[in-house]
Amino acid sequence: MTAERRPFRLLPITQVHVYREVFGQLDRMVGSMAPGERVASERDLAERLEVSRVSVREALRALESMGKIEIRRNAGAFVLDPQGTLPAEQLLAGMEPAADSLQWLTDLRAAIETRVVQVLARQAEPDLAAVREFLERAAGELSDQDVEQGSLDVRFEALLARAAGNPVLERVQKWVHQAWVTAWGEFGRAPGDRQTLHAEHLAILAALEAGDAALAVARMEDHVDCQVRDAATRGRHEGRRQCT
């Protein structure tokens, strides 16, 4: 483990009330669909909800991060697991979206994500082609506006878990991701911007591809094992490093 933990650099989710409404409606829509069904296009959904395509895109990314849909390049979004939220709901039961509960989720997520990297690093030749392809595609989606907008996109970490080949670890990670996206969305903030997170993803992948297990684990720890910055908890987690 890293010796210090740095506070997250919290960024607003643009028009959080719109995001919550769009996410909620799309979540309910997906929940009424069957696995394999195709979700309407971003354009159609934006027109029907009378919101921007950016709002729809962020909500779809969140649903994919939760394992409910799969966004396929040049094909659209398809339903995977429309109702698979019970374990996440149990994780969040009785917890308000506040600094303490987000810190607890961060501790849990850090344990899962670093373990995924450790399992991958033990493999002689891990198959990381899908991870590399995703990052190359994500690079093309970045825009200057992303610097000022928080991101709850955990698709990179989900692909790492799939490559690790441990279905139990992958399933638990999905439940944690569902709880993570839900809790931060309710909080109205996201830990880090898309461009910074993308750069950290590239660094983690580079270490894995180089076969440097220690560096890969250290970079994943730096990526996820951070302190939630909040006035209510300031001073209670001295010595932890700041996430950027």
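The values are calculated or read from the model by the stated rules, or taken from the named source; none is laboratory data. This structure is a prediction, so every number in the text was calculated from the model and none was measured. Positions of Cβ are generated from backbone atoms using ideal geometry, with glycine treated the same way; all protein chains shown enter the neighbour counts. Accessible surface is based on the protein model in full, side chains and every heavy atom, while ligands, DNA and RNA are left aside. Shrake-Rupley method; radii C 1.70, N 1.55, O 1.52, S 1.80 Å.
Quick notes on this structure:
- Taking the 1.4 Å solvent-accessible surface of region 27-123 as the whole, the part contributed by carbon and sulfur is 49%.
- Projected area, mean over directions - region 187-230, Cα convex hull, nm²: 3.4
- Förster radius 25 Å - calculated FRET efficiency between Gln25 and Leu108 (Cβ-Cβ, nearest 0.05): 0.30
- Dipole magnitude for region 145-230: computed about the Cα centre from +1 point charges on Lys and Arg Cβ and -1 point charges on Asp and Glu Cβ, it is near 320 debye.
- Modelled FRET efficiency - R0 30 Å, Gln118 with Arg57, Cβ distances, 0.05 increments: 0.40
- Where labels lie 7 Å past Cα in the beta-carbon direction, separation of Glu209 and Ala34 in nm: 4.1
- From the largest down, region 15-55 spans 30, 18, 13 angstrom on the principal axes of its Cα atoms.
- Percent of Cα pairs exceeding the 16 Å cut-off, where the set is region 119-206: 58
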